[in-house]
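Laboratory data are not the source of any read-out in this text; all were calculated from the coordinates shown. Computed from a predicted model, the values in this text were never measured in an experiment. We place every Cβ from the backbone using ideal geometry, glycine too, and count neighbours over all the protein chains shown.
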Amino acid sequence: MSKLEFLQGNIACAKGAIAAGCTFFGGYPITPSTEVAEYMAEALPKIERGCFIQMEDEIAGIASTIGAAWTGARSMTATSGPGFSLMMENIGYAFMTETPCVIVNVQRGGPSTGQPTMAAQGDMMQARYGSHGDYAIIALCPATVQECFELTVKAFNLADQFRCPVLVMTDEIIGHMRERVIIPDSVEIIPPKPAKPTDLPFATDETEIPGFLPFGSGQRTHVTGLTHDERGYPDSADPQRHETLVTRLVHKIESKRHEIADYEIVNPDAEIIFVCYGVPVRSVQQLAAQDKTIGYLKLRIVWPFPEEVLKQFKCVSTFIVPEMNLGMISREIERHTTVPVVSAGKIGGDLHTAQELQEIANAYKATRGRT
Amino acid sequence: MRTEIRFAGFGGQGIITSAVIFGKAAALYDNKYVVQTQVYGPEARGGAATGAVIIDEVEILYPKVVDPDIYVIMSQDGFDKYGTKTKPDAIMVLDSGLVHDRPNCTYYEVPASRVAKEDLGRVIVANIIMLGALVAATGVIGREALKEGILTSVPKGTEELNMKAMIQGFELIQKI
């Protein structure tokens, strides 16, 4: 029997984490993400082996989250812009050490401390490129409170499947608004690939993903952010070693991007296609209900970017990309298509209205009419 | 049909709480689609407090209030901010002891804070009186749904007080 609840997005993320079997949260509270930590602080001590730690800052928050993952726990932290910036180095460490963990970023207006209480999607490029060196990442973007629950569950599964940090990129609007949510009795849990007793901790097969041998599993494991061999021992001066390792780490995610992809297409034969993710999806859907001449692509997973999907729009003459930033994913789309891309960026904290999107679509139609 | 409800007052009156209780009542006990939002900022501490609820029979897409159909106003500041821009067919429920001006739309005068303090002995339940009045005046959700929403939200031991407050809200509207 599933249960109906009336929840805000942040609490739905926390409940999704608990449903997914998360037993560790380490973090530092920051508006507008604080409710995630508050809920976990109450819920985790009541769970067997559950542990909540408020660390001294966000650097320590993600560090403790990575450490907990190496004990075999499903672990999570939550933050917003300034804290996300502080976490960047250790997100790279989690990538390099193939540590499964989940980071929820309830995006607010930046740069710097910016607008603590207002929504934004300004961290989308930081999510992909903010840590140094070559890497790949998985980033999920909920547009409803229900999706906050579902995509947090999914984030834990993807983290274990691909052995990498996974980001849930929500925002202040979704984080703080309340909606009806269906909480199922149980959720699908996909465990990490088991390792054989004879496996070296970072040895891989054709999947390019090593089995997971956390501390205490009875086998030797060494974890380092330095370029390392299959035992996990540092070997940072061999060019071939580095190339092989980092190429595999990137490739294990990027080569599966169409398998990871999670999206919805409505009216694919339209000439005007909106591409959207996160809360602006709602404005696009509102417009699509009124204007049947438009279609849209709703991305639930933005990174890795599923560029093949763009080819499904056979009649498209323009992609319009409403985002709560000055144009980030619009650039990514431009990279993958010869179709003109219109960036409909908006910052300040207010969501695009359907009317505003209609005007952008109409302005485009008018230019088409003249040529 | 999309119905937008704006709640306004000052920090400490339980404005946000009443929006959450009302949203919960509609979503879980009246089987409606609901989005509840609030102005979340430094002004929430002591200054103006604002909440909003949108109710519909179909999924609510755009989550922010555009032009409210119903207002629940518990301070003159709240009236100054929202009450002067009401559309003609809007309905306002106002705390008549705290709001001095009157809107151009249909309105109901409810002395919620005075009744809460003098008749129930606890000014804190004025927001629940206002919820009772809101439901009695507009019928936007059922009375049973509101009752369930309140009972599943308020602290243990305060159920009776809050039920009295809700019923006071119903009765204050019937007297008008």
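Quick check: from the Cα gyration tensor, does region A:90-180 come out rounded (a/c under 1.5), prolate or oblate?
Verdict is oblate for region A:90-180.
What does the net charge come to around A:THR318 if you take all other residues with beta carbon closer than 11 Å to its beta carbon, with K and R at +1 and D and E at -1? Spelling it out: positives minus negatives among the neighbours equals +1. Inter-chain Cβ neighbour count for B:58-67, averaged per residue, equals 6 (cutoff 10 Å, partner chain atoms only). Within a straight-line Cα-Cα reach of under 25 Å, B:LYS147 can be paired with the following lysines, leaving aside sequence neighbours fewer than 8 residues apart in one chain: A:LYS3, B:LYS24, B:LYS32, B:LYS117, B:LYS156, B:LYS164, B:LYS175.
Highest-first packing order for the peptide set A:175-183, B:105-113, A:324-332 is A:175-183, B:105-113, A:324-332, based on the mean count of other beta carbon atoms within 10 Å. Shielding by partners for peptide B:30-37, expressed as the average number of C-beta atoms from other protein chains within 10 Å of each residue's C-beta, is 4. Taking R0 as 30 Å, what FRET efficiency do you get between A:GLU48 and A:LYS3 from their Cβ-Cβ distance, rounded to the nearest 0.05? So, using R0 = 30 Å, E works out to roughly 0.90. Around the Cα centre of region A:3-183, unit charges on the Cβ atoms of Lys, Arg, Asp and Glu (plus for the first two, minus for the last two) sum to a dipole of about 380 debye. Look at where the Cα atoms of region A:323-371 and of region A:198-257 average out, and the two centres are 41 Å apart. Placing unit charges on each Cβ (+1 for Lys and Arg, -1 for Asp and Glu) gives chain A a dipole about its Cα centre, and among A:VAL316, A:GLY9, A:PHE215 the Cα reaching farthest toward its positive end belongs to A:VAL316. Within straight-line reach of B:LYS87, meaning a Cα separation under 20 Å, sit the following lysines at least 8 residues removed in sequence or on another chain: B:LYS64.
In a simple Cβ point-charge model (Lys, Arg +1; Asp, Glu -1; nothing else charged), chain A has a dipole of about 560 debye relative to its Cα centre.
Here the contact order of region A:53-105, divided by its residue count and restricted to Cα pairs under 8 Å and six or more residues apart, works out to 44 percent.
Separation of region B:76-100 and region A:124-170, taken as the distance between their Cα centroids, equals 44 angstrom. Both radii are taken from the alpha-carbon atoms of chain B; with Rh as the Kirkwood radius, Rg/Rh is 0.93.
Using a cutoff of 8 angstrom between alpha carbon atoms and counting only pairs six or more residues apart, the relative contact order for chain B works out to 22 percent. Summarised in one figure, the compactness ratio Rg/Rh of chain A, Cα atoms and Kirkwood Rh, is 0.98.
With a ≥ b ≥ c the root eigenvalues of the C-alpha gyration tensor of region A:35-87, is it rounded (a/c under 1.5), prolate (a/b larger than b/c) or oblate? It is oblate, given that a/c is not under 1.5 and a/b is not larger than b/c. Farthest toward the positive end of the dipole of the protein assembly as shown, out of A:ASN325, A:MET88, A:PRO201, is the Cα of A:ASN325, where the dipole comes from beta carbon charges about the Cα centre. Using just its DSSP H runs of length 4 or more, each adding -39500 (n - 2.57), chain A gives a mean residue ellipticity at 222 nm of -11000 deg cm²/dmol after division by all residues.
Note: relative contact order over chain A, using C-alpha pairs below 8 Å and six or more positions apart, is 16 percent. Judged by the ratio a/c of the largest to the smallest principal axis of the C-alpha gyration tensor, region A:3-183 counts as rounded, that ratio being less than 1.5.
For the protein assembly as shown, the residue among A:LEU351, B:ALA136, A:HIS336 whose Cα projects farthest onto the positive side of the dipole built from Cβ charges is B:ALA136.
Look at the stretch A:285-297: the mean tally of other chain Cβ atoms within 10 Å of its residues' Cβ atoms is 1. Here the peptides B:83-90, A:163-170 are ranked by packing, the mean other Cβ count within 10 Å, and the order with the highest first is A:163-170, B:83-90. Between the C-alpha center of region B:129-155 and that of region A:72-113 there is a gap of 41 Å.
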